1. In region 34-47, which residues are surrounded by 13 or more Cβ atoms within 10 Å (Cβ to Cβ) and either over 11 Å from H14 (Cβ atoms) or among the polar types (S, T, N, Q) (or both)?
2. Answer yes if at least one residue in region 78-92 is modelled with pLDDT under 95, open to solvent by 80 Å² or more (accessible area, probe 1.4 Å) and within 14 Å of the chain's Cα centre (by Cα), and no otherwise.
3. Just to be sure, is A24 more than 13 Å from the chain's Cα centre (by Cα) and at pLDDT 90 or above?
4. When both residues are 6+ apart or on different chains and their Cβ atoms are under 6 Å apart, which pairs have a first residue that lies in region 41-63 and is within 17 Å of D6 (Cβ to Cβ) and among the small types (G, A, S), and a second that is at pLDDT below 90 and surrounded by fewer than 16 Cβ atoms within 10 Å (Cβ to Cβ)?
5. Given Q75, Q64, which one is open to solvent by 100 Å² or more (accessible area, probe 1.4 Å), under 18 Å from F10 (Cα atoms) and modelled with pLDDT of 90 or more?
Amino acid sequence: MHMLYDSDSFVVVHMLTDTPDGPAANDAAPPVPQLARHGFEIVDKRSGKEVYLDGSWAEMFQQQILAWQREAPTQEEVEDTLDRYTGLAQNPVVMH
């Protein structure tokens, strides 16, 4: 889990899977295949709701993050984008 963004209005966390790097040197059995998945949790502190993006939503959000790294947007531009994603939020933040 990696905190990517934290402001007065939003928190964005990148959730990564725990996948093994490979079999141990003395391990003859091949590793069990696992579907590597990751996702992003976006918390809207103003409304107290969160949305979890995975699958194709996570891939689209990853592309947005890469664009932010290239373009260095303002905080207002980042938060406008996050605000659009939190329109999907249905889950109240119970414990965080």
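1. Within region 34-47, V43, D44, K45 meet the criteria.
2. No, because not a single residue in region 78-92 is modelled with pLDDT under 95, open to solvent by 80 Å² or more (accessible area, probe 1.4 Å) and within 14 Å of the chain's Cα centre (by Cα).
3. Taking the combined requirement at face value, the residue does not satisfy it.
4. G48/P92; G48/V93
5. Only one candidate qualifies: Q75.
The values are calculated or read from the model by the stated rules, or taken from the named source; none is laboratory data. Keep in mind it's a predicted model, so treat the numbers as computed, not measured. Neighbour counts are summed over all protein chains in view; Cβ atoms, including those assigned to glycine, are modelled from backbone coordinates with ideal geometry. For the accessible areas, the whole protein counts, side chains as well, though only heavy atoms, and no ligand, DNA or RNA atoms are used. Shrake-Rupley method; radii C 1.70, N 1.55, O 1.52, S 1.80 Å.
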